[in-house]
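The values are calculated or read from the model by the stated rules, or taken from the named source; none is laboratory data. Predicted model only: the values in this text are computed from it and were never measured. Ideal geometry is used to build each Cβ from the backbone, glycine not excepted, and the neighbour counts take in all protein chains shown.
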Amino acid sequence: MNSKSQTSYTVKEAEQALKRYCAYRERCHKEVEEKLKKMNMIPDARDHIIYILLQENYLNEERFARSFARGKFRIKKWGKRRIISELKFRQISKRNIEFALTEIPTEEYYTTFNELAFKRLKQIKETQPQKIKKKLADYLLYRGWESSLVFEKVNEIVN
């Protein structure tokens, strides 16, 4: 019985494991649910453990969403569209997504966008303006920046 999927846990053991899992970094309900499924916990046990994690504040969706938005913006330089998309994928509520976006100061958002656009422009080795514009726009759009911002900036900085 070496295989992890074959290991069985008592509810108490699973609860302790999940507390450590949640204490390590912020988690969303979906991640916790998947972890419990991998541990082969039955639905009643999963519900019980999630209830305890919520009661003891190990699991907090609003806190997760805020932390996620801050981190992805500051570290990965993602735009709001990508952050929203990733939070929706993690089944975060619309209300918590709105709270999460308040973690990104407007001025810092535009400053980061400008720095990212100019940094990427310097890295592009193309010589034709149309190809430069396409590469720059594709990069910024992939990172989740709003298309109106992207196309305005691309047209402004590429001649």
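For region 122-159, residues that are over 22 Å from the mean Cα position of the chain (by Cα), assigned to a helix (DSSP H, G or I) and buried (at least 18 other Cβ atoms within 10 Å of the Cβ) total 6.
Criterion applied to ARG63, ARG27, ARG20 was being of a type outside the set (A, V, I, L, M), under 24 Å from the mean Cα position of the chain (by Cα), at negative phi and in a loop (DSSP other than H, G, I, E, B), and the one residue passing it is ARG27.
For GLU33, the stated conditions hold: it is under 20 Å from PHE89 (Cβ atoms) and either of a type outside the set (D, E, K, R) or surrounded by 14 or more Cβ atoms within 10 Å (Cβ to Cβ) (or both).
Being assigned by TED's automatic domain parsing to the domain that holds HIS29 and surrounded by 12 or more Cβ atoms within 10 Å (Cβ to Cβ) is a description that applies to ILE50. Being basic (Lys, Arg), touching a residue at least 24 places away in the same chain (Cβ under 8 Å), within 22 Å of ALA69 (Cα to Cα) and crowded, with 18+ Cβ neighbours inside 10 Å is the requirement here; does ARG81 meet it? The answer is no for ARG81. Checked against (1) within 19 Å of HIS29 (Cα to Cα); (2) surrounded by fewer than 17 Cβ atoms within 10 Å (Cβ to Cβ); (3) charged (D, E, K, R), LYS119 meets all criteria but (1).
Considering only residues that are polar (S, T, N, Q) and surrounded by 13 or more Cβ atoms within 10 Å (Cβ to Cβ), which ones fall in region 86-97? Correct list: SER93, ASN96.
Would you confirm whether any residue within region 38-49 is under 21 Å from the mean Cα position of the chain (by Cα) and modelled with pLDDT of 95 or more? No, there is no match, as no residue in region 38-49 is under 21 Å from the mean Cα position of the chain (by Cα) and modelled with pLDDT of 95 or more.
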